[in-house]
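**Student:** Below is the structure I would like to discuss, written out as structure tokens.
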């Protein structure tokens, strides 16, 4: 089984989500150094992450995984980015964020997900694991926490999207746009650095 939940959060709520992960003693991988070592979220990086044009994070907690995140740094044509394989390791929750800097509220699209299986070991020792029950429980608790402050809508293609009530107050047209055009419409409001990127979901 796998899970994905889409949110449109205010900057304040996104920061609160990051603080929540730290308060729960999560290991949150936020990047990869040139040496290949993993960069982790801490209280000094909250503002930087919350205001970044985009983020890809791998979240682990000792309740469901004790291994280190696996990440890779990519460089091509002057661009630098990192990746965390979706299914490698004992288990992790992926969080992707996209800064909607050109929206009336400067909000953030946040995707929270986990894969259908995980892989540990290599070669003859490789094993496929179902998502740990504790990971699924943590995912559900995280989603419920954020959803309590949101309004759930169905977008144009049937995705459930949770929109922060503070975003709706400041940007009343946001829900109607999603209902009529789907999540892809949010690409129009992304930070200038992401204008060539289109949300695929």
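**Student:** In which sequence would 79, 139 go, from the one with the fewest C-beta neighbours within 10 Å to the one with the most?
**Tutor:** So the ranking, lowest neighbour count to highest, is 79, 139.
**Student:** Would you mind pulling out the separation of the Cα centroids of the stretch 98-164 and the stretch 8-49, in Å?
**Tutor:** Centre-to-centre (Cα) distance: 15 Å.
**Student:** So for the chain: antiparallel DSSP bridges make up what percent, rounded to the nearest 5?
**Tutor:** Percentage antiparallel, nearest 5: 90.
**Student:** Sorted from fewest to most neighbouring beta carbons within 10 Å, what does the list 84, 7 look like?
**Tutor:** Fewest to most other Cβ atoms nearby, the residues stand as 84, 7.
**Student:** Here's another thing I want to ask about it. With contacts defined as alpha carbon pairs under 8 Å and 6 or more residues apart, what's the relative contact order of the stretch 23-131 in percent?
**Tutor:** 21 percent
**Student:** What percentage of all Cα-Cα pairs in the stretch 52-187 are separated by more than 24 Å?
**Tutor:** Considering the stretch 52-187, 43 percent of its Cα-Cα pairs are separated by more than 24 Å.
**Student:** Can you show me the helix-derived [θ] at 222 nm for the chain, built from DSSP H runs with n ≥ 4 at -39,500 (n - 2.57) apiece and divided by the number of residues, rounded to the nearest 500.
**Tutor:** Taking each H run of at least 4 residues, the total per residue is -7000 deg cm²/dmol.
**Student:** Let me ask something else. If one takes the longest principal axis of the Cα atoms in the chain, at what angle in degrees, from 0 to 90 and to the nearest 10, does the Cα axis of helix 133-147 lie?
**Tutor:** Helix 133-147 sits roughly 20 degrees off the main axis of the chain.
**Student:** While we're on this one: Taking the number of other C-beta atoms within 10 Å as the exposure measure, put 72, 60 in order starting with the fewest.
**Tutor:** Result, fewest neighbours first: 72, 60.
A short reminder: the numbers here are calculations on the coordinates, not readings from a lab. In this text the structure is predicted, and so the values were computed from the model without any measurement. We place every Cβ from the backbone using ideal geometry, glycine too, and count neighbours over all the protein chains shown.
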